[in-house]
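Quick notes on the structure that follows.
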Amino acid sequence: MGKFKHLQIRREKAVEYLMLNRPDVRNAFNEELIAELTAWAAETGQDAHLRAVVISGAGPAFCAGGDLTWMTKMATYSHEENIRDATSAARMFAAIDTLPMPVIARVHGAAMGGGAGLAAVADIAVAEAGAMFAFTEVKLGLLPALIAPYVLAKIGQSAARELFLTGRRFTAERALQIGLVHAVVASAGELDAAVQRYLDDVLGSGRDAIAAAKKLIRQIANKPPDEIAPLTVEALATQRASAEAQERMKAFLTRK
């Protein structure tokens, strides 16, 4: 897949490894990277053979947020241009969020602004102990608006009030405490082993069941149980009758 300028893609059997490849600007977002990630997600979501995706960053950082050159251009945009630009970025995050297969973020160095948002969009995030995070938008007079739905779903309102309103940096350990990441390892060298442990779990589970579980989470989040009961009942009944469930349950019940 050499069609992308700012993405490196490596496929190993049913796992795709996606690396943001703008190391000279710490993999910061600009219009091109956003467009490429959106196109990649649209294509990847249709791949029935793919079981998991791992997102990482080239060079010293995972993703430093917005590219300064791109952000300088924003200052000259009209309201309509800002709407178009923000819509493109929102579509990118949504496209990654709605991928049917698990997305694992491999975080090292800095994950700032939209980079921290990318970690939030991932289903599973693993970080090295030295990684630093921040929602820095308010420092620039901006808002973490596009990433807010995904970040709030991970860290809740209390942590978001502190971190969105101060823009302060926080450690990987704090990110673990508030639920932004799910595992922290001592060094960057241990990241791949931690990612592989999650991949082993994913690859040992039902592909269709995982996709259905991801969809269900989005559908029922923050809704009262009585409202979502019919949806959860239907989801389970449908999955129980699937060929995948029948095969896997039979194998489990008959194993010695």
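The values are calculated or read from the model by the stated rules, or taken from the named source; none is laboratory data. Since the model is a prediction, treat every value here as computed from it, not as a measurement. Positions of Cβ are generated from backbone atoms using ideal geometry, with glycine treated the same way; all protein chains shown enter the neighbour counts.
Among the residues of region 165-172, not a single one is assigned to a helix (DSSP H, G or I) and either in contact with a Pro (Cβ under 7 Å, 6 or more places away or on another chain) or among the acidic types (Asp, Glu) (or both). Looking at the structure I just gave you, is residue 45 of a type outside the set (Asp, Glu) and over 15 Å from the mean Cα position of the chain (by Cα)? In short, no.
The set of residues in region 235-256 that are loosely packed, with under 11 Cβ neighbours inside 10 Å and of a type outside the set (A, V, I, L, M, F, W, C) comprises 240, 250, 254, 255, 256.
For region 217-232, filtering for residues that are of a type in the set (A, V, I, L, M), assigned to a helix (DSSP H, G or I) and either in contact (Cβ under 8 Å) with a residue 60 or more places away in the chain or farther than 23 Å from residue 15 by Cβ (or both) leaves 4.
Here residue 235 fulfils each of the conditions (1) touching a residue at least 24 places away in the same chain (Cβ under 8 Å); (2) under 25 Å from the mean Cα position of the chain (by Cα) apart from (1). Taking region 55-106 as the range and being among the acidic types (Asp, Glu), farther than 16 Å from residue 214 by Cβ, touching a residue at least 24 places away in the same chain (Cβ under 8 Å) and not in a loop (DSSP other than H, G, I, E, B) as the test, only 85 passes. Filtered by the rule that a residue be at pLDDT below 85 and not in a helix (DSSP H, G or I), region 242-256 gives 255, 256.
For region 112-128, the set of residues classified as under 13 Å from residue 167 (Cα atoms) and touching a residue at least 60 places away in the same chain (Cβ under 8 Å) consists of 114, 116, listed by residue number. Restricting the first member to region 156-168 and to residues that are free of Cβ contacts under 8 Å to residues at least 60 places away in the same chain and of a type in the set (S, T, N, Q), and the second to residues that are surrounded by 14 or more Cβ atoms within 10 Å (Cβ to Cβ) and part of a helix (DSSP H, G or I), the beta-carbon pairs closer than 8 Å and six or more apart or on different chains are 166/138.
Residues that are more than 19 Å from the chain's Cα centre (by Cα), more than 23 Å from residue 113 (Cα to Cα) and modelled with pLDDT under 95 are absent from region 169-188.
Against the test of being more than 29 Å from residue 204 (Cα to Cα), β-branched (Val, Ile, Thr) and surrounded by 17 or more Cβ atoms within 10 Å (Cβ to Cβ), the options 124, 55, 34, 104 yield a single qualifying residue, 34. For residue 175, the requirement of being in contact with a Leu (Cβ under 9 Å, 6 or more places away or on another chain) and crowded, with 24+ Cβ neighbours inside 10 Å is not met. Looking only at residues of region 115-142 that are assigned to a helix (DSSP H, G or I) and modelled with pLDDT of 95 or more, we find that the one that is farthest from residue 180 (Cα to Cα) is 115. Answer yes if at least one residue in region 43-54 is touching a residue at least 60 places away in the same chain (Cβ under 8 Å), outside any strand (DSSP E or B), under 21 Å from residue 147 (Cα atoms) and in contact with a Pro (Cβ under 8 Å, 6 or more places away or on another chain), and no otherwise. No, the conditions are met nowhere in region 43-54.
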